[in-house]
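Novice: Before we start, here is the structure in question, set down as C-alpha cells.
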Amino acid sequence: MSGTGALRAHLIEARLAGTIATPREKSLGRYRLFAARDPRALLGLEPERDWSVGEVLRLVGRECGVSVDPAHTSGPDEIDPDRTIAALDRFAERVGEAAGRRAPVLIGTGHPHRLLEFYAVLADALSSAGCTVLTPAYGSSIDMTTRFGLRTYTLEYVRGVAMMREPGVRGAPDVGGVHTHSPLPVRTVLGAAADAMGPLPGLVIGDHGWVCGAGQLGIEAIGLADTDDPALFVGQAEGRVSVAVPLDDAVRSVSYLPLVRYVLNQAYLSR
C-alpha cells in the first residue's frame, strides 16, 4: 500500500482514523489529568509550562482533528485521516534519516497486544539497513504502579521490540504482555545502556512512556498516539517529541501492517 488514497481508505475502514472507538469522555478525562500534572497522563513528560484543559483540547484538535467544542462531551472521538497520513510521512522521514546514518535505535511499546508486529517490522527493516537495534536491560524486573497496586513486571525483547511481561508467562510473544503508560521501562533501559558504556539510541520509536520518557531525557523520539494520549502532542508542541502520529492505538494488530509498509516505502526501506 504505497498510495495515499488506498491508505486513507484503509485508515477509515479499519477505524484507525475517521470515527474511532476511543470515547470522547475518556479523552477529556485524560486532558483534565494532564492539566493537573497527574503522572498517569504525563507519561514521563515534564511540561515546560502549565497547560489548561482548553489548551490541551485545542492542541489535540489541531493535531488530530477532534472537535474542539468543550460542550461535546460524549460519543466516539474523530481523527482526521489526512493528518494521520501527514504525520506518517514525517515519521517515515525520521526513520529514513536514522537508517541513512545507521543510528542505534531503541523500539518499545506499551501496547504489545496491538502494536508489536508494527514495531517488529520496523526493527527488522532498520536492522537490515545497518542500524543496531538496542536491547539493554533484558530480563530486568521493574516495579510499576497499576490500578491493582504495585506489580513487578519483567522487561523483555520480542523481535527487537521492548515490552513488559508478567513473570513466568509462556506462550505466544504477546501473551502476558502488559499494557502500560509508564516511563519507567525506557528509563531503566537507557540507564542500563549508560552504565554499560554502550551506545545510546539515536532514535527511540514507540508509544506512551517510551516516547515521552525518552524525549524528556533529550533523545529523539517518535511514536503513535491516540486522542487520549495528550502528552505526546504536548511533547511535540514543546519540541521534545519529534513526531506523534494520531491514530487509534487499540484496533486489531493486522490493521497496522499497511501503515508500516507505507512508512517503509516512504523511507526507502522496502524490500
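Novice: Could you tell me which residue out of Y119, G149, T132 lies farthest along the dipole of the stretch 109-172 toward its positive end? Charges go on the beta carbon: Lys and Arg +1, Asp and Glu -1, centred on the Cα centre.
Specialist: G149
Novice: Continuing with the same structure: Work out how far the C-alpha atoms of the stretch 28-85 reach from end to end along every principal axis, then list the three figures in whole Å, largest first.
Specialist: 29, 27, 17
Novice: Provide Rg and Dmax in Å for the stretch 80-129, with only Cα atoms included in the calculation.
Specialist: Rg and Dmax of the stretch 80-129, Cα atoms, are 12.1, 33 Å.
Novice: Using the Cα atoms of the chain, I'd like the radius of gyration and the largest Cα-Cα distance, Dmax, both in angstrom.
Specialist: 17.4, 52
Novice: Taking the simple approach of a point 7 Å from Cα along Cα-to-Cβ for both E97 and H72, what is their distance in nm?
Specialist: 3.2
Novice: Grab the DSSP H runs of the chain that are 4 residues or longer, score each as -39,500 (n - 2.57), total them, divide by all residues and round the 222 nm result to the nearest 500 deg cm²/dmol.
Specialist: Roughly -13000 deg cm²/dmol at 222 nm, from the helical runs in the chain.
Novice: Turning to a different aspect of this structure: Taking 25 °C and 0.890 mPa s as the conditions, I'd like the Stokes-Einstein D for the stretch 63-183 in µm²/s, using the Kirkwood hydrodynamic radius from alpha carbon pairs.
Specialist: Stokes-Einstein gives a translational diffusion coefficient of 147 µm²/s.
Novice: Just the number, please: percent antiparallel of the DSSP beta bridges in the chain, rounded to the nearest 5.
Specialist: About 50 percent, rounded to the nearest 5.
Novice: Moving on to the next point. Give me the mean projected area, in nm² to one decimal, of the convex hull enclosing the Cα positions of the stretch 162-271.
Specialist: 8.5
Novice: Counting only the heavy atoms of the protein chains, how much of V133 is accessible to a 1.4 Å probe, in Å² to the nearest 10?
Specialist: In the full protein context, V133 sits at about 30 Å².
Novice: Another question, if that's okay. Nothing charged except the Cβ atoms of Lys and Arg (+1) and of Asp and Glu (-1): what's the magnitude of the dipole of the chain about its Cα centre? Round to the nearest 20 debye.
Specialist: In total the dipole reaches around 400 debye.
Novice: Further question on the same structure: Between D82 and L150, how high is the FRET efficiency from 1/(1 + (r/R0)^6) when r is the Cβ-Cβ distance and R₀ = 45 Å? Nearest 0.05.
Specialist: After rounding, the FRET efficiency stands at 0.55.
Novice: How do 182-190, 236-244, 219-227 rank on mean C-beta neighbours within 10 Å, highest first?
Specialist: Put in order of decreasing packing, that is 219-227, 182-190, 236-244.
The values are calculated or read from the model by the stated rules, or taken from the named source; none is laboratory data. Everything quoted here is computed from the prediction, not taken from an experiment. Glycine also receives a Cβ, built like all others from the backbone with ideal geometry; neighbour counts cover every protein chain displayed. Please note that ligands, DNA and RNA were not included when accessible areas were found on the heavy atoms of the full protein model with its side chains. Shrake-Rupley method; radii C 1.70, N 1.55, O 1.52, S 1.80 Å.
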